[in-house]
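Participant: Please see the structure below; I have some questions.
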Amino acid sequence: MSAQVKGPASYFPSIEKKYGRPVAEWKDLVRASPLTRHMELVAWLKTEHGLGHGHANALVAHTLAEDSAPKA
């Protein structure tokens, strides 16, 4: 039995289905943006790319967490 995905990643299947782009592509967009603050990035995804608040927030939270995680 597989563990249920929790947190921001739980939004990923619906993000891909609704907006037609893989999550990796959205994360690349977030990383390529000159913006760095969480809510600035959320607002940018909402206004420039038409994402809903929850989807934008999940993508930004997960991407920033990945980028700040210590490297092995």
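The values are calculated or read from the model by the stated rules, or taken from the named source; none is laboratory data. Nothing here was measured: the structure is a model prediction, and the numbers come from that model. Please note: Cβ atoms are built from the backbone with ideal geometry, for glycine as well, and neighbour counts cover all protein chains shown. What goes into the accessible areas is simple: the full protein's heavy atoms, side chains included, and nothing from ligands, DNA or RNA. Shrake-Rupley method; radii C 1.70, N 1.55, O 1.52, S 1.80 Å.
Participant: Take Lys27 and tell me if it is charged (D, E, K, R) and open to solvent by 50 Å² or more (accessible area, probe 1.4 Å). First the steps, then the outcome.
Facilitator: Values: charged (D, E, K, R): yes; open to solvent by 50 Å² or more (accessible area, probe 1.4 Å): no.
For Lys27, the condition - charged (D, E, K, R) and open to solvent by 50 Å² or more (accessible area, probe 1.4 Å) - is not met.
Participant: Please state which of the following conditions Gln4 fails to meet, knowing it meets all the rest: (1) without any contact (Cβ under 8 Å) to a residue 24 or more places away in the chain; (2) in contact with a Ser or Thr (Cβ under 7 Å, 6 or more places away or on another chain).
Facilitator: (2)
Participant: Shifting gears a bit: Which of the residues that make up region 41-64 are loosely packed, with under 13 Cβ neighbours inside 10 Å and either in contact (Cβ under 8 Å) with a residue 24 or more places away in the chain or of a type outside the set (S, T, N, Q) (or both)? Before you say what the answer is, go through the steps one by one.
Facilitator: Of the residues in region 41-64, the ones loosely packed, with under 13 Cβ neighbours inside 10 Å are 47-48, 50, 53.
Within region 41-64, Glu48, Gly50, His53 qualify.
Participant: Starting from residues that are among the basic types (Lys, Arg) and out of contact with any helix residue (DSSP H, G or I) (no Cβ under 6 Å at 6 or more places or on another chain), keep the ones in region 3-49 and report whichever is nearest to Glu66 (Cα to Cα). Give the steps one after another, and end with the answer.
Facilitator: Residues of region 3-49 that are among the basic types (Lys, Arg), as a first pass: 6, 17-18, 21, 27, 31, 37, 46.
Applying the additional criterion that residues be out of contact with any helix residue (DSSP H, G or I) (no Cβ under 6 Å at 6 or more places or on another chain) yields 6, 17-18, 21, 31, 37.
Details: Lys6: 15, Lys17: 22, Lys18: 23, Arg21: 19, Arg31: 11, Arg37: 15 Å.
The qualifying residue nearest to Glu66 (Cα to Cα) is Arg31.
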